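Worksheet: the structure to be examined is printed underneath.
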Amino acid sequence: MQYQSLIHQIQLRYGNEILFSKDCEQLSVDIFEITSIKISAQTLRRLFGFINDGVKISNTSLNYLAVYCGYENYKDFIKLYNDNTKIVDSKDIKYIKLFYSINPKNPSLDENYHNASKNIAKLLLRDNDLLNSTSTFLAKNKSAQIFFYERFPFIDGLSSGYSIHLSKYLKEKNNYESQLFGMSLLYFGYAMSNNSKRSDVLKLINAIPEEQIYHPFPLARKFASNILEHYLNQNEFELEKWINLSIKEASNISKWKREYINFPYFQFILADVLNLIERPQEASEVLEICELDYKRLPDFSLDEGYIEALDLIKAINLFQLGKVSESKRILNRIHSKDIIFIMHDYFQIQRLIIELKMIKTKSSKKYQLKDTELNRLINKTKFYFFLENF
């Protein structure tokens, strides 16, 4: 297909794959919102091959699309894209495919394999070209479905390109739990980037039978999705209903999912979304359940950064409750680099927001530096939710 490199860059900028003709309508809106330039859905359909009427894409349209992707014009895009596009080493691709051809059979190998998978996930999530070259294979491979997509969901990238790869996973693994897992992450990416597609995805989420869900992570994401949706829609009745249902579930889940008593996945996600919508009393109630029902066991292995992320959730909650000194005490012991790598930027944004609120003088150098870093991270992740809600 002509203009393949431009199409690829447009999808990365947009944060989603253009799979259907109707997707061009929303892409046209996104282009206008970002550049104030109108590119018709019909022009985009020609570019993506949905229309083949012999009409060429004008140079003006190509220039505007290059601007949308962050370049000065189309000529600038061609030069810089070709200069900067790295040739992926075929040996790296071969190594990744070979690694995921191993299918761990026992718990001890599972843990070693998990740790090795974490290092590969870090490599893939740092290298867009390598991920682009392997994500179709990863989505089809049964080991990679678990040890890449499910063990290391890339929260930081959900609004800025990773959803393209997540969509591939959803096409290949279609049991109820996997669909809820993937759909809920897609929803979160749409919600955090103020994308109107979120409401359509929520309908799919709520249609999935809940009795087929066994892990607290996807189940918690379902509750969090509904809470966030009704908050954004300002539907007070539904919001209160889902908050009450979720707190009830948070109180009971450890009793019927005993294998997950070592880390409060459900409460972790729920307290975080309650922080997002600034419901500190309810978030505090959920965090109290964490303290009462969960303990770390000596032989339980947990990835570095989850406990630190949970501590940060507690610090945010304390700040929202007006307990600033207690919040500062927790913040002082957490280093940003210690937060789990798949959601580091997401939590760093929230940390910066409360730290900025703690600084009294907005003209101070400290405030300006933190504010600059906050805006950099929001633009990097496209989590525009934070711009509009804080």
Sequence of F50, F386 from largest to smallest accessible area, 1.4 Å probe: F50, F386
Theoretical gain in end-to-end length, R151 to I102 [0.36 nm per residue, Cα-Cα removed]: 16.0 nm
Simple spin-label estimate for K22 and N174 in nanometres, 7 Å along Cα-Cβ: 1.9 nm
Entries in K91/K122; K314/K382; K122/K168 that, when Cα-Cα distance is taken, lie over 23 Å: K314/K382
Only Lys, Arg (+1) and Asp, Glu (-1) charged, at Cβ; the chain dipole about Cα centre in debye: 780 debye
Where the chain is the region considered: accessible area per residue in Å², 1.4 Å probe: 49 Å²
Contour excess over end-to-end distance, with Cα ends at N59 and L292 and 0.36 nm allotted per residue: 77.5 nm
Mean Cα-pair separation over length for the chain, i.e. relative contact order, pairs under 8 Å, 6 or more apart, %: 12 percent
Accessible heavy-atom area order of T134, T372, highest first, probe of 1.4 Å: T372, T134
Share of carbon and sulfur in the accessible heavy-atom surface of the chain [1.4 Å probe, %]: 50 percent
Chain lengthening between E304 and Y367 when straightened (0.36 nm per residue, less Cα-Cα): 19.7 nm
Exposed-loop-free span, longest in the chain, where trypsin sites (Lys or Arg not before Pro) count as exposed if DSSP calls them loop and at most 13 other C-beta atoms lie within 10 Å: 106-294
Only Lys, Arg (+1) and Asp, Glu (-1) charged, at Cβ; the range 141-250 dipole about Cα centre in debye: 380 debye
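The values are calculated or read from the model by the stated rules, or taken from the named source; none is laboratory data. Everything numeric here is computed off the predicted structure, so don't read it as measured data. Cβ sites come from the backbone with ideal geometry, for glycine too, and all protein chains shown count toward neighbours. Side chains included, ligands, DNA and RNA excluded: accessible areas come from the protein's heavy atoms. Shrake-Rupley method; radii C 1.70, N 1.55, O 1.52, S 1.80 Å.
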